[in-house]
Each structure stands twice: as C-alpha cells, then as structure tokens.
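Here's the structure we're looking at; comments come further down.
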Amino acid sequence: MTSDYKKNLPAYAVLIPALLVFFVLDLMVGSVHFSWSRTLGCLLGNGDCDPQLATILFKFRLPKALTALAAGAALSVAGLQMQTLFRNPIAGPDILGISSGSTLGVALFVLSFGWFFGGTTLFSLAGSWGIVLAAWLGAGAMMLVIVLIASRLKDLMTVLILGLLISSALFSVVNLLQYFSNESSLKLFIIWTMGSLSSTTGDQLMVLVPSVVAGLLLSLFSAKFLDAFLLGERYARSMGMNIKVAYILVFASTSVLAGSVTAFCGPIGFIGIIVPHLVRKFFGSPLHLNMIPASILSGGLLMLIADLLSQLPGSGSTLPVNSVTALLGIPIVIWIIFRNKKMGAI
Amino acid sequence: MKREITVACRGLSIGFRGHHNPKVIAGAMDLEACQGELVALIGGNGIGKSTLLKTLAGFLPRLEGEIRIGQQQLDHYSASDKARWISFVSTESTVVANLKVRELVSLGRYPYTGWFGRLDEADHQMVEWAIEMVGLKGFGERFVNQLSDGERQRAMIGRALAQDTPLMILDEPTAFLDIAGRLDVVSLLHQLADEKGKCILFSTHDLQIALSTADRIWMMSPQGILEGIPEEVVASGRLERLFAHNSQLNFDPERGEFRVRKKFRGIARLASAVGGNPLVRTALERSGFEVENDLTPEDTDWVTSHPDPVSPPVLHIDGCDGEWKIRFEGKEVSADSIGGLCYAAKMLIRQPGS
C-alpha cells in the first residue's frame, strides 16, 4: 500500500519533528531545568558541557526518555495486536489482564529469588533478564487464557469483563504472595513495584530496549497475519493463513512487548488502548504495515508527553506516570465507546 | 458433453466431533457441483446448511465419507493450496473502521502474496478486475463500513473473487438484504458462474430466488438431501414437506413458492371476461376463495336456488374491469375496484340471505 504512505506524509511530517522536540524537552525538564542550547550542546558533544549536567543528562534523563519511548511504542503495538486479534476495540494489555499476568510472573520470580539468593544481585544484568523472562511468561500464560475464553465466548464485552475479573484475581494472588514471603524478598519486590519510567538503570535499559526492538520486529513480521485477522479468524483461515504460526508470532510479540514494559516500569494503563485508535483516526488504512510504524511513533510521543506532564505541575515533585496516562486515556476511551456505537468494532 | 466436476461428496456425514460421541447433523450425502454452476443450498433452519458449507470449506472436519475438490481429496490440500481452490464469504458482517473497498478486496490476494503481503502489478489488476466485476467500480476509495448492506455484500464477494478460486462458497449472502438487494446479489453470482466458469455454492432461505436463478439445488430436509435442477426438485414433491410441520403454509408447485394458507371462505366462479384478469384471480385467492372458471354463466340458477348447507358457498362474478358484478343467493352487488370486489365477496357470504 505504497499510496497510503504518500497520503500519510503530512501526518508523519508532524509526528516525527514533534517526537524529536518532546524527546529533547523531556531531557530539559525535571527537578533542575536546562536550557535548549545547553542540553543540545551536551547531547551533540560540543565540548561545552559541565560534568554535573552530563551526569544528570546521561545517567538519569536520557535513560528515562529512552524508557518512555520504548514503553510507549511497545504498549501501543501490543494494544494494536490485541485489538486486531480479539476484534475488540477496548482490548489492551492492561484491560485484558496481560499486564497483571506479567506482574504475577515477576512476583513469583522476585519473591522466590529473594528466598533463595537474597541480596541485591537482582538488580544486575542477569537479574534483569530473569525479571523480564518471568514477565514474558506471565504475559504469555495470560494471553493463552484470554484466547481460550474468547474462543468460547463470542461476546466482546463478556471477554472484557472476564479479563478484568481474572486481572483482579491475579493482583490478589500477588498480595497473598507478599503476605507469605520473607522480609528480604518482600523488600526487593516492593522496590520493584515502585518501578516507573525514571527508575530504569543502565543495565535494565540494556534489557528493555533490545526486548522491545525484538518485539516490534516480530510484530512487523506478523503484519500480514494481522491483516487477515481483521476479518475474523474464519476469513483468515479461508485465505490460507497458517493459524498456528500466526498465533505463535502474535502471542510472542505481544507477550514480549507488554511483559518487558511491565517488568521495568510497572503497569502503565491506557496507552495500549488509545494509541491504536488515534492512529486509525489520523493515519487511514487499518492494514498493519501502515498501523505498526505509526503506532510506534505515536506511542512514543504520547508517553513522552505523559512523562512531561508528570514533571510539570509542581516542578519539584513527580506524579506517578500511571495516573497521568489514566487521566489522558480515560476520556479517549469514553470517546471510543460512544463512537463505536455507530461505527462497529475495530 | 463432459461436465467438469468441482465438488463431489460421497457418503458424506457432517456434524460435530464430541468428546465421546459425535453429533451427526446429516449423513450419507452424495453431492456434486460442476464448473459454471450456481448451486443453491436450501432447507429449514437448523437443518445443517451452514455446517455443510463449513465442512466443504474445510473449517469443520467431516465425520464420514469423502469430499473431493477438483482432482484431490479436500484433506490432501495444504492450507495455502486450499485457499487457491476455495474462497468463502460468511454470513456475519465484518465491520472494520477505515477499511477501504480496495483494501478489503486486495486481502483476497493473500494466498498469492509474499511474507509482507505486498501486491505486484498482476495482483493489482486482479483487484481492480474483481471490483469492476461486482459492480463497485469507482467505489475503491470508499470505506466499507459506510456502504449500504448490498454494496458491502458485493465488496465481500469481490474479495472472494480476487482470491481467484474455482469454487466459491457463500453462507447466506442474502440474509440481511431487502428484496432488490437479494435479487441483485444472486444475479451477480449467476453471472459469475456463467461467464467466469466458477462453481458457486450458496445457502439461502429464499426459495423463490433459489428456484428461479440457481442451476442446481441441494435441498436438505429431515428425509435427507435431494439434489437436482430446480424443476426436478419441484417435481419431487419434497418441497411441500420442507415445512410440513407448519400447517399455515401451502406449496404451489406451479409457481414454485410457498404461500400462507388462508381460511377457506368459498368458491368464486369467474365469467370468462373476468377470468382474463390475473389480478382478480390472485386477489380472490388471497382473500380465501377457490377460483374456478365459470364456463356456463347461463345455467347458474340451480346453485342459488337450492343452497346445500354442507357445500361451500359459491359466488358468481361477472362484468369487466371496473364494473364487476357479484351474485350470491339471488343478491347482486357491483364493485368498481379489485379491493371492493374482494370486500363485497367476503361481506356477501358472511351474511347469507340478509
């Protein structure tokens, strides 16, 4: 669909510069504000860069901004894939419990890790890979449960409600696990649950970014499968789609994307639901080679904006980014529900 | 002349494989459909039309027997080869926001494109051809969810057409359409079968359209499946029994259609001048009269003079268009419209002798 790319040039011409501007803004704003010139000078290595600024910039703000980009892109593409797969406009990693699946995975890992090894080795590179692996498995298991439910119940709303129920059940299990675990592992877990965009360390970034890139590549490679799913599984099969390969690819990609973000940033809601809808509104064609790149860029942008908003108000303290995405997202979800009355599914 | 057989079933039994005992919906079916044929699958609700179509399309496993598509058993096809032989249009309407007609139809090229689904020049031509064939030329850039029901069904058929398969299977393609839309879709299917040599199999509840348009009928009934050209199916006398449980329906073998059975009111004898107007005949039939031709209008008096309480009332209708006269038991009423004629006929026999 080359013609669509041409038609979307204006949208990309706004989106890409906006992404760059907000990326730099995100680096400038925080407990200490930097000017444009100093930030850019330091970034581009113009020599005129005092060590204090460099430390803040490279140790804290750059990882945070990169995390925001990765998280936004990953959640948006995960949400897009789930909306297509379940043919459900309000599907998303958080709504259908994929995020809580990864939370449970991480809880099991961290609490037993603390039990066996104790200490802070959890925050090493190996520990990070362990956490992210546990999150993927949790997300994948939850995906499987939801697909089994969706194959039995055709009603979209029932599937959503069951997803919410299972999700809260998983959170209760996580709470119980905390109750029964020893002090040192509990401490590790609590530190993990306080995760946010700004808490990712360099080591974690070394895990997060490659995972997200791999998930996004997987998603691009399943674009044709996803297109066929647009018309429903029966049509997909009638067009000769290899259902098994398709499910494995989409499952793997969604679990890796949603799981990785949850592993390091905690559950971030609503980005996964709203970005695909915004992209559908501004980028035309629902075919996935069009939707995926646009979702990556828009998701990154929206997450940077959410992060900025979480810094701005008092300038001294930071709001939890989860609340900002909820405040941004809920009105849009309501709009989707109202619009959907006359427009139908995805 | 040898007919090229596209679908052949021998001893086919369909249903669902349960955990312990399979649930057979219909069994021992021998069926055939050929290139260039439009085949209508008819039968009451719940008889298994949809199950049969899904089994033939390979969505459901068959329980027994064999299905041959072209030269091969259906089971021997790989998923992608099957998609080059059979295309499917399901009854559910799919709604995807922002999907253009051209994009929808181009999804039909799925079995022929590479990993990323990029269309080459030949694919693009096929898509444009399919759009034109289903009468949606100029609609390529329109959104599918903004089309009318009939146009959307055409677009779905266009997608199946772009899939370029010898066999097309459609599950109730006329279900949500008005009468004009139904005729439109079925005549499109007929044209595709006739001109493009496709074998098209569709299920429908619309007997009249099926009997008048299809080349071949597959009729599913509790007694088993019956296959034949429409005239053979009508002559078999099995259509009457299709809705045998429903005493309100009468089958008219001449017209090949079902009618709602009316309360029988009496016999209307038409003078030859009146009998020439078919509308008078159908209007009286609809009002519950059995219509006879009155060949001897002169000697009618014996009926009116001695009314037998057991025999049905007999009316005599005479006159010409706009000036009808209805006689019954010595009374005569005139009517200037067909509606008035039917009303007067009903009133006359309701109050005998008054």
Could you please let me know if B:Phe88 is facing chain A (nearest Cβ under 9 Å) and farther than 23 Å from B:Thr174 by Cα? no
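Just to check your reading of the model, which residue among B:Arg142, B:Arg159 is crowded, with 24+ Cβ neighbours inside 10 Å, more than 13 Å from the chain's Cα centre (by Cα) and not hydroxyl-bearing (Ser, Thr, Tyr)? Steps first, answer last, please.
Working: B:Arg142 fails: crowded, with 24+ Cβ neighbours inside 10 Å.
Matching residue, one of B:Arg142, B:Arg159: B:Arg159.
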Taking the condition of being open to solvent by 20 Å² or more (accessible area, probe 1.4 Å) and closer than 19 Å to B:Met133 by Cβ, how many residues in the stretch B:189-214 meet it? 7
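Which count do you get for residues in the stretch B:1-51 that are part of a strand (DSSP E or B) and not charged (D, E, K, R)? Full working, then the answer.
Step one: of the stretch B:1-51, the residues part of a strand (DSSP E or B) are B:5-16, B:23-34, B:38-43.
Narrowing the set further to residues that are not charged (D, E, K, R) leaves B:5-9, B:11-16, B:24-29, B:31, B:33-34, B:38-43.
The qualifying residues number 26.
So which of A:Leu96, A:Leu44, A:Leu104 is open to solvent by 10 Å² or more (accessible area, probe 1.4 Å) and within 20 Å of A:Leu144 (Cβ to Cβ)? Walk me through it before giving the result.
On the way: A:Leu96 fails: open to solvent by 10 Å² or more (accessible area, probe 1.4 Å); A:Leu44 fails: within 20 Å of A:Leu144 (Cβ to Cβ).
From the options A:Leu96, A:Leu44, A:Leu104, the qualifying one is A:Leu104.
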Subset of the stretch B:273-310 [farther than 30 Å from B:Ser212 by Cβ and either at pLDDT 75 or above or part of a helix (DSSP H, G or I) (or both)]: B:Ala273, B:Asp301, B:Trp302, B:Val303, B:Thr304, B:Ser305
Quick count over the stretch B:46-70, residues being at negative phi and either among the aliphatic types (A, V, I, L, M) or open to solvent by 50 Å² or more (accessible area, probe 1.4 Å) (or both), is 14
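Specify the residue that is nearest to B:Ala97 (Cα to Cα); the eligible residues are those in the stretch A:227-252 that are surrounded by 21 or more Cβ atoms within 10 Å (Cβ to Cβ), in contact (Cβ under 8 Å) with a residue 40 or more places away in the chain and at the interface with another protein chain (Cβ under 10 Å from one of its Cβ atoms). Working first, answer last.
Restricting attention to the stretch A:227-252, the residues satisfying the condition of being surrounded by 21 or more Cβ atoms within 10 Å (Cβ to Cβ) are A:227-231, A:235-236, A:238-241, A:250.
Next, only the ones that are in contact (Cβ under 8 Å) with a residue 40 or more places away in the chain stay: A:227, A:229-230, A:250.
Next, only the ones that are at the interface with another protein chain (Cβ under 10 Å from one of its Cβ atoms) stay: A:227, A:230.
On the way: A:Asp227: 13, A:Leu230: 10 Å.
Restricting to residues being surrounded by 21 or more Cβ atoms within 10 Å (Cβ to Cβ), in contact (Cβ under 8 Å) with a residue 40 or more places away in the chain and at the interface with another protein chain (Cβ under 10 Å from one of its Cβ atoms), the top hit is A:Leu230.
For the stretch B:71-85, how many residues meet the condition of being more than 9 Å from chain A (Cβ to nearest Cβ), surrounded by fewer than 18 Cβ atoms within 10 Å (Cβ to Cβ) and under 28 Å from the mean Cα position of the chain (by Cα)?
First pass over the stretch B:71-85, keeping only residues more than 9 Å from chain A (Cβ to nearest Cβ): B:71-77, B:85.
So of that shortlist, the ones also surrounded by fewer than 18 Cβ atoms within 10 Å (Cβ to Cβ) come out as B:71-73, B:75-76.
Then keep just the ones that are under 28 Å from the mean Cα position of the chain (by Cα); that gives none.
Qualifying residue count for the region: 0.
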Has the stretch A:30-39 got at least one residue that is of a type in the set (S, T, N, Q), open to solvent by 50 Å² or more (accessible area, probe 1.4 Å) and under 29 Å from the mean Cα position of the chain (by Cα)? yes
Considering only the stretch A:47-84, state which residues are open to solvent by less than 60 Å² (accessible area, probe 1.4 Å) and polar (S, T, N, Q). A:Thr67, A:Ser76, A:Gln81, A:Gln83, A:Thr84
Checking A:Ser255 against (1) within 14 Å of another protein chain (Cβ to nearest Cβ); (2) buried (at least 21 other Cβ atoms within 10 Å of the Cβ); (3) farther than 24 Å from B:Thr94 by Cβ: exactly one of these is not met. Which one? (1)
Please determine whether any residue of the stretch B:165-184 is surrounded by fewer than 20 Cβ atoms within 10 Å (Cβ to Cβ), within 13 Å of another protein chain (Cβ to nearest Cβ) and in contact (Cβ under 8 Å) with a residue 24 or more places away in the chain. no
Can you run down the residue pairs with Cβ atoms below 9 Å, 6 or more apart or on separate chains, where the first is in the stretch A:125-149 and in the same structural domain as A:Val174 (by TED's automatic domain parsing) and the partner is buried (at least 23 other Cβ atoms within 10 Å of the Cβ) and outside any helix (DSSP H, G or I)? A:Ala139/A:Pro93; A:Met142/A:Leu96; A:Met142/A:Gly97; A:Met143/A:Leu96; A:Val145/A:Gly97; A:Ile146/A:Ala91; A:Ile146/A:Leu96; A:Ile146/A:Gly97
Residues (more than 9 Å from chain A (Cβ to nearest Cβ), under 16 Å from B:Leu170 (Cβ atoms) and open to solvent by less than 30 Å² (accessible area, probe 1.4 Å)) located in the stretch B:91-126: B:Val105
Can you name the condition, by its number, that A:Lys224 falls short on among (1) among the charged types (D, E, K, R); (2) open to solvent by less than 50 Å² (accessible area, probe 1.4 Å); (3) away from chain B (no Cβ under 14 Å)? (3)
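Does the stretch A:1-23 include one or more residues that are β-branched (Val, Ile, Thr) and at pLDDT below 80? I'd like the intermediate steps shown before the answer.
Going residue by residue through the stretch A:1-23, those that are β-branched (Val, Ile, Thr) are A:2, A:14, A:16, A:21.
Now narrow it down to the ones that are at pLDDT below 80: A:2.
Within the stretch A:1-23, one or more residues are β-branched (Val, Ile, Thr) and at pLDDT below 80.
Just the residues that are out of contact with any strand residue (DSSP E or B) (no Cβ under 6 Å at 6 or more places or on another chain) and either not assigned by TED's automatic domain parsing to the domain that holds B:Leu161 or not in a loop (DSSP other than H, G, I, E, B) (or both), please, taken from the stretch B:74-99. Talk me through it step by step, then tell me what you get.
If we filter the stretch B:74-99 for residues that are out of contact with any strand residue (DSSP E or B) (no Cβ under 6 Å at 6 or more places or on another chain), which is where we start, we get B:75-84, B:90-99.
B:Asp75, B:His76, B:Ala79, B:Ser80, B:Asp81, B:Lys82, B:Ala83, B:Arg84, listed by residue number.
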Can you confirm whether the stretch B:31-45 contains a residue that is free of Cβ contacts under 8 Å to residues at least 40 places away in the same chain and either farther than 23 Å from B:Phe176 by Cα or open to solvent by less than 20 Å² (accessible area, probe 1.4 Å) (or both)? no
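The values are calculated or read from the model by the stated rules, or taken from the named source; none is laboratory data. Bear in mind the structure is a predicted one, so any value in this text is a computation, not a measurement. When we count neighbours, we look across all protein chains shown, and the Cβ atoms used for this are built from the backbone with ideal geometry, even at glycine. Accessible surface is based on the protein model in full, side chains and every heavy atom, while ligands, DNA and RNA are left aside. Shrake-Rupley method; radii C 1.70, N 1.55, O 1.52, S 1.80 Å.
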